[in-house]
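Notes follow the structure.
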Amino acid sequence: MRHFAVIGSGPAGFYTAEALTKAYGERARIDILDRLPVPYGLIRFGVAPDHQSIKAVSKRYEKVATTPGVRFLGNVHLGADVSIEELLHYYDAVVLATGAPHDRRLGIPGDDLPGVVGSAAFVGWYNGHPDFADLDPPLHGPAAAVIGNGNVALDVARILAKTPDEFVGSDIVGHAFEALAGSGIRSISLLGRRGPHQIAMTPKELGELGYLRAATPLVDLADLPPAEADAALEPGLRKSVAHLRDFARAGPDETKPKRILFDFFAKPLAIEGDGKAERVIVERTRLAEDGSAQGTGETYAVDASLVVSCIGYQTPAIPGVPYDEKLGRFPNSGGRIAERLYGVGWARRGPTGTIGTNRPDGFEVAEAIAALFPPEGESSDRPGSAGLDRLLAVRGCDPVPFEDWRKIEAAEVAAARAGNPREKLVRVEDLLRASGH
Ligand code: NAP
């Protein structure tokens, strides 16, 4: 018998646990720990609430969580309830699947003004992450700026633009649904520091902007390179750029009151305002030879009482684990961070790729672990779960197992607004109460 601990119950954590069960069968015990009383990490708190089909992957993770030999233990805080050193003592190998939940800072003057929020906070707010339940972003409008040209910027712009009707079938939390229903935001500027050929937006997600009930996407045809240049793009990007061309051709739909303005070659220099965000000062850029954004010296102001920076994430450091400040993640070689300590997903690679990208990641690390501890080999003399359980009991930590998460899930489903799959509980104490703890 071997004992493994996976820290974090998002996609990377579950794919790793799945791969370990496949490699070891009955010969391993796997504990999946999460600091929150609920599983699924990015699926619950990152994937947009109106993208329910993507969230359906949690059914696969549920199968893993209920596989014999696998336990989910929510409400266990690495660092506070148990240290890495202790986990490495109890388990044969420890896998960090802690994601990248912290926002990268813009690092420009005014980025700490009220009204400036990072995407982790904003997305966490509308997705019911307990850390951001009290964010209360200023939605009085009339203008918001979203910084970045990736899929998260698209998610944020779309959520800001949707009408209440368009959230039917989603699991957007009540506090965000109500605040957005009363929003005065009419203009959403998407600030990209480079051009249409440099976007990191995927075609399906970008295409959705063309079907919003109350908002039109606006692209200036003059920002687009000559159409012939699209041929050199990789197919996905070419499709995305085709959407931009469609938006540019269609122009504004005067029957729709909201605008999503693609402002390309626009690099934020500062955020200004009287004690709160009122405008973003932007420098016009051009593409340098190496593809980077080069300032032209021409500046202008974009009005915005809400500024959401969607410029990427970082993994928080963990005491006792090597950390690369510059990369914002754990340095590793093929997922190996240190002896018997591994990283997967965004904690390993940084915040890129789709949910499926985490699957090969988890399998690769499971393979490395299986090479170190051959499944047919001798048994471990480490205490595994029994050791952890004793320690947590002594420390007064009350883990939430998967069967008690199901009680939370049932309470959330029962509380759903008509047409929606669930109404998430957004406070840890409410989650614990619903779990029976
Ligand atoms: P991303 O794809 O890396 O995009 C980050 C954007 O921020 C880029 O446009 C980047 O521009 C810009 N940026 C970075 N630093 C900046 C700065 N200092 N000033 C101005 N702009 C800056 O990251 P993401 O949007 O956070 O997404 C993370 C990952 O999740 C991606 O792999 C994404 O595809 C995925 N995701 C997928 C979905 C979906 O499939 N539905 C939804 C959400 C997220 P440069 O290119 O110039 O650096």
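Residue by residue, here is whether (1) over 30 Å from the mean Cα position of the chain (by Cα); (2) surrounded by 15 or more Cβ atoms within 10 Å (Cβ to Cβ); (3) under 20 Å from residue 26 (Cβ atoms) holds:
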position: 358; (1), (2), (3): no, yes, no
position: 366; (1), (2), (3): no, yes, yes
position: 383; (1), (2), (3): yes, yes, yes
position: 403; (1), (2), (3): no, no, no
Revision key, fill the gap. Every listed condition ((1) more than 13 Å from residue 154 (Cα to Cα); (2) charged (D, E, K, R); (3) surrounded by fewer than 18 Cβ atoms within 10 Å (Cβ to Cβ)) holds for residue 193 save (3)
Exercise for review: Could you grab me the full set of residues in region 297-312 that are open to solvent by 30 Å² or more (accessible area, probe 1.4 Å) and part of a strand (DSSP E or B)?
Suggested key: 297, 298, 299, 300, 301, 303
Exercise for review: Go through region 141-196 and count every residue that is among the charged types (D, E, K, R) and either more than 24 Å from residue 426 (Cβ to Cβ) or away from the ligand (no atom under 16 Å from the Cβ) (or both).
Suggested key: 6
Practice item. Show the residue pairs that are 6+ apart or on different chains and have beta-carbon atoms under 6 Å apart, the first residue being within region 41-69 and within 22 Å of residue 431 (Cβ to Cβ), the second being among the charged types (D, E, K, R) and away from the ligand (no atom under 12 Å from the Cβ). Key: 49/171; 64/18
**Study point:** region 254-276: number of residues that are farther than 23 Å from residue 162 by Cα and open to solvent by less than 50 Å² (accessible area, probe 1.4 Å)
**Key:** 6
Check your understanding: Looking at (1) under 19 Å from residue 321 (Cβ atoms); (2) within 16 Å of the ligand (Cβ to nearest atom), can you tell me which one residue 359 breaks?
Key -> (1)
Review point. Restricting the search to region 238-277, which residues are of a type in the set (D, E, K, R) and touching a strand residue (DSSP E or B) at 6+ places or on another chain (Cβ under 6 Å)?
Key: 253, 256, 258, 259, 263, 267, 272
Study note, to complete from the structure: When restricted to 89, 102, 51, the only residue in contact with a strand residue (DSSP E or B) (Cβ under 8 Å, 6 or more places away or on another chain) and either at pLDDT 95 or above or small (Gly, Ala, Ser) (or both) is 102
Check your understanding: Are there any pairs with C-beta distances below 8 angstrom linking a residue in region 253-280 that is in contact (Cβ under 8 Å) with a residue 24 or more places away in the chain and more than 16 Å from the ligand (Cβ to nearest atom) to a residue that is open to solvent by 60 Å² or more (accessible area, probe 1.4 Å) and of a type in the set (Lys, Arg), with the two at least 6 apart or on different chains, and if so which?
Key -> 256/213; 257/186; 258/186; 259/186; 272/279; 273/279
Practice item. Give region 317-350 a look and list any residue that's within 16 Å of the ligand (Cβ to nearest atom), part of a loop (DSSP other than H, G, I, E, B) and open to solvent by less than 50 Å² (accessible area, probe 1.4 Å), or say none. Key: 328, 344, 345, 350
Review point. Hey, does region 281-296 have a residue that's acidic (Asp, Glu), open to solvent by less than 60 Å² (accessible area, probe 1.4 Å) and either more than 18 Å from residue 118 (Cα to Cα) or within 16 Å of the ligand (Cβ to nearest atom) (or both)?
Key: yes
Exercise for review: Tell me, yes or no, whether region 118-132 has at least one residue that is crowded, with 24+ Cβ neighbours inside 10 Å and over 25 Å from residue 351 (Cα atoms).
Suggested key: no
Exercise for review: Find the helices (runs of 4 or more DSSP H) located wholly in region 36-111 whose residues include 2 or more that are within 15 Å of residue 5 (Cα to Cα) and away from the ligand (no atom under 12 Å from the Cβ), and list them.
Suggested key: 58-65, 84-90
Practice item. Kindly check whether there is at least one residue in region 18-26 that is within 16 Å of the ligand (Cβ to nearest atom) and either under 21 Å from residue 372 (Cα atoms) or crowded, with 22+ Cβ neighbours inside 10 Å (or both). Key: no
Study note, to complete from the structure: Scanning region 143-158 residue by residue, those part of a helix (DSSP H, G or I) and under 12 Å from residue 308 (Cα atoms) turn out to be 152, 153, 154, 155, 156, 157
Check your understanding: Does residue 140 count as more than 30 Å from residue 292 (Cβ to Cβ), open to solvent by 10 Å² or more (accessible area, probe 1.4 Å), not in a loop (DSSP other than H, G, I, E, B) and not assigned by TED's automatic domain parsing to the domain that holds residue 416?
Key -> no
Check your understanding: For region 159-173, which residues satisfy the criterion of being closer than 17 Å to residue 124 by Cα and part of a helix (DSSP H, G or I)?
Key -> 159, 160, 167
Exercise for review: Test residue 204 against the stated conditions and say whether it is without any contact (Cβ under 8 Å) to a residue 40 or more places away in the chain and within 16 Å of the ligand (Cβ to nearest atom).
Suggested key: yes
Exercise for review: State all residues of region 112-126 that are assigned to a strand (DSSP E or B) and more than 16 Å from residue 276 (Cβ to Cβ); if no residue qualifies, say none.
Suggested key: 118
Practice item. Evaluate the following for residue 199: is it within 10 Å of the ligand (Cβ to nearest atom), under 30 Å from residue 285 (Cα atoms) and of a type outside the set (Phe, Trp, Tyr)? Key: yes
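The values are calculated or read from the model by the stated rules, or taken from the named source; none is laboratory data. This is a predicted model, so every value here is computed, not measured. FYI the Cβ positions are ideal-geometry reconstructions off the backbone, even for glycines, and counts take in every protein chain you see. These area figures cover heavy atoms from the full protein model, side chains too; ligands, DNA and RNA do not enter into them. Shrake-Rupley method; radii C 1.70, N 1.55, O 1.52, S 1.80 Å.
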